[in-house]
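Each remark here refers to the structure printed beneath this line.
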Amino acid sequence: DKYKDGLSKTRQSFSSRINDLVARYRTVDEDFFEDLEEVLISADVGVNTVMDLIDELKMEVKRQNIKDTSEMKDVISEKLVDIYYGDDAVTSSSINFQSDDLTIILFVGVNGVGKTTTIGKLAYQLKQSGKHVVMAAGDTFRAGAIEQLEEWGKRVDVEVVKQSAGSDPAAVIYDGIRAAKSRKADVLLCDTAGRLQNKVNLMNELSKVKRVIEREVPGAPHEVLLVLDATTGQNAMSQAKTFSEATDVSGIVLSKLDGTAKGGIVLAIRNELQIPVKFVGLGEKVTDLETFDAQAFVYGLFA
Ligand code: GDP
């Protein structure tokens, strides 16, 4: 239901266009596929992913000897799910939690994508599930980022470790680790600055932060989550490329899916970058963060 509400924009545009196609063509032919291709591309599924999908669909149509377009909706949704999982049958959207040690999650992404909001929502979710959470205000660069995280800390009743604006992010995160350890916390959520203007700086800053984390907690960070704004389409895709070159990204959080009719970007990211989408943001409220489930997502599009 969360998916249904949060994806209403994508769903309305996507399913009505698919329905139109089915009504217009009735028989599955080359023109049908051409129009379908257009619908998928305009939903931000991504050209390469669409090509893969259309090939798969054509094979399936042959295999099952499908003539009638009305049978295509099920086939399309099945293939969309298959495309998401790819060859990797065990793609999991779950977080790599350490059962008997501190789990450290690093958040990266450019300003404005919803990084701070996502950290706040996740802190709430983890706290609800009984985990002791600490947050580290490592975005010392963006004006107001520290205060904003503190606001979230108050709202969800989670401690925020911070220093003054402009201080060294690695030092803040070091303090965060110390605090989390001394409180025997389960999870430390680390914010970072998202300065993309200069890739070398970004890379240096992230590797310094990671070095500190690795030194303090061997095996950490356990997740590096890249937050992307779904409403920015192909821009999100190019950010994903840049960040995955700068650091090892273990998963994507796709925020603001509620604000776009182009939810197909989820499939493009997974298929073209091989990085799993772990969470999706479906609104601004504290409860509007969902673990990503490709099946629920795709079926939500057709619901
Ligand atoms: P940051 O600069 O990356 O830390 O971005 P913020 O967390 O400050 O978010 C930027 C804006 O996006 C804020 O107004 C948030 O309320 C909004 N936002 C974040 N996530 C979502 C989401 O999933 N849906 C919607 N509709 N808005 C969101």
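A short reminder: the numbers here are calculations on the coordinates, not readings from a lab. Quantities reported herein were computed from a predicted structural model and do not represent experimental measurements. Backbone-built Cβ (ideal geometry, glycine too); neighbour counts: all protein chains shown.
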Q. Under 12 Å Cα-Cα from LYS127, which aspartates and glutamates qualify once same-chain neighbours fewer than 8 residues away are excluded?
A. ASP157, GLU159, ASP186
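Output the pairs from LYS121/LYS278; LYS131/LYS210; LYS4/LYS256; LYS4/LYS278; LYS2/LYS121 with a Cα-Cα distance over 21 Å in this structure; if there are none, say none. Could you put the intermediate results ahead of the total?
Working: LYS121/LYS278 14 Å; LYS131/LYS210 23 Å; LYS4/LYS256 14 Å; LYS4/LYS278 18 Å; LYS2/LYS121 15 Å.
Over 21 Å apart, Cα to Cα: LYS131/LYS210.
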Q. Given ASN96, SER42, SER77, which one lies farthest toward the positive end of the charge dipole of the stretch 1-145, if we put +1 on the Cβ of every Lys and Arg and -1 on the Cβ of every Asp and Glu?
A. ASN96
Q) Among VAL61, PHE279, SER167, whose Cα lies farthest out toward the positive end of the dipole of the chain, if unit charges sit on the beta carbon of Lys, Arg (+1) and Asp, Glu (-1)? A) SER167
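Over the stretch 141-291, what number does the Rg to Rh ratio reach, with both radii from the alpha-carbon atoms and Rh per Kirkwood?
Numbers: Rg = 15.9 Å, Rh = 16.6 Å.
Reported Rg/Rh (Cα atoms, Kirkwood Rh): 0.96.
With N set to the number of residues, divide the alpha-carbon radius of gyration of the stretch 40-139 by 2.2 N^0.38 Å and report two decimals. Let's see the in-between values first.
Working: Rg = 20.3 Å, N = 100, 2.2 N^0.38 = 12.7 Å.
So the Cα radius of gyration is 1.60 times the expected 2.2 N^0.38 Å.
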Q: For the chain, count the residues as N, evaluate 2.2 N^0.38 Å, and divide the Cα radius of gyration by that value, please.
A: 1.08
Q.
Testing the spin-label approximation: label points 7 Å from Cα along Cα→Cβ at GLN12 and ASN204. State their distance in nm.
A. 4.8
Q) For the stretch 234-303, what's the radius of gyration and Dmax over Cα atoms, in angstrom? A) 12.2, 38
Q | Rg(Cα) / (2.2 N^0.38 Å) computed for the stretch 60-203, rounded to two decimals | A | 1.43
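Treat the stretch 175-250 as a sphere of radius equal to its Kirkwood radius over Cα pairs and apply Stokes-Einstein at 37 °C in a medium of 0.692 mPa s; give the translational diffusion coefficient in µm²/s, rounded to a whole number.
Numbers: Rh = 13.8 Å.
Rounded to a whole number, D works out at 239 µm²/s.
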Q: Grab the other residues whose beta carbon is less than 15 angstrom from that of TYR25, score K and R as +1, D and E as -1, and report the net.
A: -4
